[in-house]
Structure formats: structure tokens, C-alpha cells
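The values are calculated or read from the model by the stated rules, or taken from the named source; none is laboratory data. On a predicted model such as this, the values are computed, not experimentally measured, just so you know. Don't worry about glycine lacking a Cβ; one is built from the backbone with ideal geometry, like all the others, and counts go over all protein chains shown. For the accessible areas, the whole protein counts, side chains as well, though only heavy atoms, and no ligand, DNA or RNA atoms are used. Shrake-Rupley method; radii C 1.70, N 1.55, O 1.52, S 1.80 Å.
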Number of protein chains: 2
Amino acid sequence: MKRSLGAKSLVYPTPVFVIGSYDEKGEPNVMTAAWAGICCSMPPAIGVSLRKATYTYGNIMRRKAFTVNVPSEDMVVQADYFGMTTGREEDKFGAVGFTSVRSDLVDAPYVKECSMVLECKLMQAVEIGLHTQFIGEIMDVKVEEDALDKEGVGIMSKVRPFIYCPDDHNYYRIGERIARGFDAGKTVERKKRKA
Amino acid sequence: MKRSLGAKSLVYPTPVFVIGSYDEKGEPNVMTAAWAGICCSMPPAIGVSLRKATYTYGNIMRRKAFTVNVPSEDMVVQADYFGMTTGREEDKFGAVGFTSVRSDLVDAPYVKECSMVLECKLMQAVEIGLHTQFIGEIMDVKVEEDALDKEGVGIMSKVRPFIYCPDDHNYYRIGERIARGFDAGKTVERKKRKA
């Protein structure tokens, strides 16, 4: 039996991304976002929803660019901190000892310490309500060499992203591989053929 | 040292959602989507990106509604299957023995077997490129009673969602809780005060 929880912004799971941008003075800033996800394959694009009240909102509107940085498990304290404070009042990179790197491709900084970073050019700003969704074209994905296999495919257990639960407000790690995509489902086909 | 992987739709992690809709004849259909995520808190909204070629695309355009169903780990085979086949050619609910339930709130069916379902009314269809992003207002979130704690908060280990890795094409389970949101970051504040 299902219980109705009402109209709320809740789904399992949501990602934890650190959004990088430059402010008016050219200072790098970061904030944490969970209302985000890939939204197109061609051009490759990612949507990140932010409130107008955030410092990053103005930064992206002016610079038309942002980065999406994937923090690893051991950065959960820093990622949480980036979501609790505002770049209006402090240098968040400095506060946690992280290093900002100027992107060659877009007018935004990425986080050196994150093993996966996406450099994005603003394509659209979609007004939804409290949140504006910034749709960014992904100009490049950069991954640390030691988090890539021989074929250049990322290794989940090296990148070690984590997820956020909007209901209990906890962060959870990613666990074991459970199945292969576009493959596990074939057992349904096989059963149908047998039936 | 980071390696450039080029412009691609890649980030860790992406969710695995099963999207429910009715076709022209009123038959329920499901497909799997990973290009999706919450995109607004007020009104609560979720974005789901689909290619025009999908059967679900036409369904949502006509009915202006869809559901987002969160499959649990033990449904990875069915969820993968829903992403491999098209509702044009078969009854996917029937193929895996799942049950469609007519929503009272929106013109779309949800999956009885999924412990968390969102009923959504189409707010906007955002043209991005190969994918169109359907932004749905979340009219209700329904969760199985036994996946809720006494306060009505969802229990991650009962819902047991899983994630997709767009790079190695594998599904991974969610692991242990690693920290509390809006709390873990306080240690940075404490360190700063000491310094």
C-alpha cells in the first residue's frame, strides 16, 4: 500500500555536483547542487537548477558559463560546506584549501581536486519557478588519468561519486555493480521466447 | 593530471527512472530514462529528457502527463528491458508481469511494483537538441508504507534505487550513508574558528 506524501521535490537518488563560476571581479566560486542531471546527448548538455538568490546565479548569467565538478566520497565535508555558505561573503576555495583552475574552453573555473569535471557553455536559462534551470552545453569532460581504464573509460570506484537523499538529508556512497546496461534485460527476451 | 575525453554526455552518477505514460489508445507504456532529475522546488518539478523517436515522447505530448517510477535493485532486469524495447511493438507491463495503476491526479499510469512514484503534469517541453526535456510538475509523491519511517520519511535501504554509469554502461547499487547534509560541512566552520 502506498502513502501519499503530497506535492514535493523528492526522488531517489539525486546527484551531488559542485558548480564552479567566476564572479563579477573574476574571483572563482563554488556551490553544491543536487537539482541537476544530463538533459541531452546531442549537443551533450547538462541542466543545473539554481535559485535566483544564489551568488552563482548572477555569475552564470553574466559569464554564460559554468563547470560541473564531481566530488568524491572523501570530499563530502567540503561539498556539504559549499552548499551551506555563500561566495558573497568568503572565498570558498580558500576556506577548504581547494585549487581553482581556469578553463581554456569556457569562462569558468573547475576544481582541481575533483577527478571528473565538465566545462559548460550556457545554452538556455529556463524559468521554472523558485529555480532557474541553466542548460549548459558540455564542451569537454576531463577525468584524472588514474580514474580511467586502458580504453579511457572512467572507473566508478576511482571517481567515487556519492548521492544525496532529499528526504532524510543524508549522503550515501555508490556501492557494487549490480548489472550491465542493455544486457541484463535480455533475460526477459529469453524468457518470452521460451514461453 | 586530467585527460580530456571530449564533448560528451557524461557525468557520474545518473539516475534510473521508469517513465509511465498512456498511448493514443489508452494503453499504458513504460520506458527507462537516465537523463533526468529534480529541477525546481516550488512548484516541485522534475525534468526528463527523451528523444522524439521514442513512443513515450508522443504519449506525453498528447496526454500532457507522465509518471516517474523509481525501480529498486531487484527490478534491474525489468528496468533495463524497458530501455531496450519499444511500446509501439509490445505491452511492456505484460512482458515482465508488472501492474499499471491509473493515477487519480494525472493522465498517466504508474508502476505498482515500484515503491516510490511521482505523478507529473507537463509544465514545459524544452527543445534542446536530440533530446526534448519534459518538465513535469510533481503533483504527488507516493511511497510504499513499509519504505517509510514513523515520521513518514523514506528509507533509502528499503526503496533501494540504483544508478547508471553512462561511461561503462553498468548499473550500481547505492551503498552506506556517509554523512549528513547541512551538517558535515560544519567541521570546516569549526576549523576556521580555531585557525
Please list, by residue number, everything in region A:34-73 whose backbone N is under 19 Å from a paramagnetic label point 7 Å out along Cα→Cβ of residue A:102.
A:59-60, A:62-68
Centroid-to-centroid separation of region A:2-19 and region B:106-130 [C-alpha atoms, Å]:
14 Å
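Quick one: length gained pulling residue B:1 to residue B:153 fully straight, 0.36 nm per residue minus the C-alpha distance?
Values: separation 152, 0.36 × 152 = 54.72 nm, distance 4.18 nm.
That pair, residue B:1 and residue B:153, stretches by 50.5 nm at full extension.
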Projected label distance in nm at residue A:8 and residue B:90, using a 7 Å step from Cα toward the beta-carbon:
3.8 nm
Of all the stretches in chain B, which is the longest one without any exposed loop site, taking trypsin sites (Lys or Arg not before Pro) in a DSSP loop (any state but H, G, I, E, B) with at most 15 other Cβ atoms within 10 Å?
B:151-195
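Give the shape of region B:51-195 as rounded, prolate or oblate, defined through the alpha-carbon gyration tensor: a ≥ b ≥ c are the square roots of its eigenvalues, a/c under 1.5 means rounded, and otherwise the shape is prolate if a/b is larger than b/c and oblate if not.
Details: a/c = 1.82, a/b = 1.65, b/c = 1.10.
It comes out prolate by the Cα gyration axes.
What Kirkwood radius, in Å to one decimal, follows from the Cα pairs of the protein assembly as shown?
Working: mean 1/r = 0.0477 Å⁻¹.
The Cα-based Kirkwood calculation yields 21.0 Å.
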Value of D in µm² per second that Stokes-Einstein yields for region B:1-101, Kirkwood Rh from Cα pairs, at 37 °C (0.692 mPa s)
221 µm²/s
Residue-ordered couplings for region A:157-174, obtained by feeding phi - 60° into the Karplus form 6.51 cos²θ - 1.76 cosθ + 1.60 and rounding to whole Hz (Gly and Pro as x), are 6, 9, 6, 6, x, 9, 10, 10, 10, x, 9, 9, 6, 10, 9, 10, 7, 8
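Structure shown: which of A:142/A:186; A:121/A:158; A:64/B:64; B:2/B:191; A:150/B:8; B:92/B:112 lie over 23 Å apart, alpha-carbon to alpha-carbon? Intermediate values should be presented prior to the final figure.
Numbers: A:142/A:186 33 Å; A:121/A:158 27 Å; A:64/B:64 31 Å; B:2/B:191 30 Å; A:150/B:8 19 Å; B:92/B:112 14 Å.
Violating the 23 Å Cα-Cα cut-off are A:142/A:186; A:121/A:158; A:64/B:64; B:2/B:191.
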Which of rounded, prolate, oblate describes region B:60-118, given a ≥ b ≥ c as roots of the alpha-carbon gyration tensor eigenvalues and a/c under 1.5 marking rounded, otherwise prolate only if a/b is larger than b/c?
oblate
Mind grabbing the accessible area of residue B:169 for me, 1.4 Å probe, Å², rounded to tens?
70 Å²
The size of the Cβ-based charge dipole (Lys, Arg +1; Asp, Glu -1) of region B:87-133 about the Cα centre, to the nearest 20 debye, is 60 debye
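Considering only protein heavy atoms, with the full assembly of protein chains and a 1.4 angstrom probe, order B:50, A:122, A:105 by accessible area, largest first.
Values: B:50 5, A:122 35, A:105 80 Å².
I get A:105, A:122, B:50, largest accessible area first.
To the nearest 20 Debye, how big is the dipole of chain A about its Cα centre, given +1 on the beta carbon of each Lys and Arg and -1 on that of each Asp and Glu?
Dipole of chain A, to the nearest 20 debye: 1280 debye.
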In Å³ and rounded to a whole number, note down the convex hull volume per residue for the Cα atoms of region B:24-79.
106 Å³
Highest-fluctuation residue, B:125, B:108, B:33 considered, GNM on chain B with Cα pairs under 10 Å:
B:125
Taking H placed 1.01 Å from N in the peptide plane, check which residues at least 5 places from residue A:139 or on another chain put their amide H under 5 Å from its amide H.
A:119, A:120, A:121
Starting from a label point 7 Å past Cα on the Cβ side, list the distances from residue B:187 to the same position in the other copies, nm, shortest first.
3.9
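About the Cα centre, and with charges only on the beta carbon of Lys, Arg (+1) and Asp, Glu (-1), how big is the dipole of the protein assembly as shown? Nearest 20 debye, please.
Taking the Cα centre of the protein assembly as shown as origin, the dipole is about 20 debye.
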Could you state the number of Å between the C-alpha centres of region B:56-83 and region A:174-188?
17 Å
